[in-house]
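J.: Can you read through this structure? Questions will come right after.
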Amino acid sequence: VQLQASGGGLVQAGGSLRLSCTVSERTSSSTTMGWFRQAPGKEREFVAAIRGSGSEYYSNSVKGRFTISRDKAKNAVYLQMNSLKPEDTAVYYCAAGNGIILSSIREGTAYAYWGQGTLVTVSS
């Protein structure tokens, strides 16, 4: 399974970006798709996830500003990022995993497949 993330770039604070991630294989109802990010000098952190049921989960730092969605027909997941802040600057990674239990949905180790990352830079 291969994941390909795209859509990163340079944006001013307050602006918006939409990240996309395509999956090489059809996902199932048990597949959870997630977005994580890693800022320079910091550990990777959870951003958002969406389960096969459509349930969405967000970190507190992005809740209300970011929206995750998926298009099963296109084997794709998206991250709409609004009201961007300089602290959102990071490399964003999409990830996928099957059978992830709810208590692990924010753990990167629960995801078996990862994309290559796309850089988001928010200028102040």
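J.: Treat each spin label as a single point 7 Å out from the Cα along the C-beta direction, and report the residue 18 to residue 1 distance in nm.
T.: Modelled inter-label distance: 2.4 nm.
J.: Taking the alpha-carbon centroid of each part, what is the distance from region 41-106 to region 9-35 in angstrom?
T.: That distance is 7 Å.
J.: What fraction of the Cα pairs in the chain, stated in percent, has a spacing above 22 angstrom?
T.: Every Cα pair in the chain considered, those over 22 Å come to 26 percent.
J.: Moving on. In whole Hz and in residue order, list the ³J(HN,Hα) couplings for region 85-100 that follow from phi through the Karplus curve 6.51 cos²θ - 1.76 cosθ + 1.60, θ = phi - 60°; x for Gly and Pro.
T.: 10, x, 6, 7, 4, 4, 8, 9, 10, 9, 8, 9, x, 9, x, 6
J.: A further question on this structure: How far apart, in nanometres, would the label points at residue 60 and residue 29 be if each is projected 7 angstrom from Cα along the Cα-to-Cβ direction?
T.: 3.4 nm
J.: Moving on to the next point. Hey, which aspartates and glutamates would be in cross-link range of residue 85, C-alpha to C-alpha under 19 Å, not counting anything within fewer than 8 residues on its own chain?
T.: List returned: 43, 45.
J.: Would you kindly state how much longer the chain becomes between residue 112 and residue 73 on full extension, computed as 0.36 nm times their sequence separation minus their alpha carbon distance, in nm to one decimal?
T.: Separation in residues times 0.36 nm, less the Cα-Cα distance, equals 11.9 nm.
J.: From the alpha carbon gyration tensor of region 29-78, can you work out the equivalent ellipsoid semi-axes (sqrt of 5 times each eigenvalue) and give them in Å, largest to smallest?
T.: One finds semi-axes of 22, 12, 9 Å for region 29-78.
J.: Give, as ranges by residue number, the residues of region 14-56 whose backbone N falls under 14 Å from the point 7 Å along Cα→Cβ of residue 119.
T.: 38-41
Just so you know, all these numbers are worked out from the coordinates, no wet-lab data involved. Keep in mind the model is a prediction, meaning the values are calculated, not measured. Note: ideal-geometry Cβ built from the backbone for every residue, glycine included; neighbour counts use all protein chains shown.
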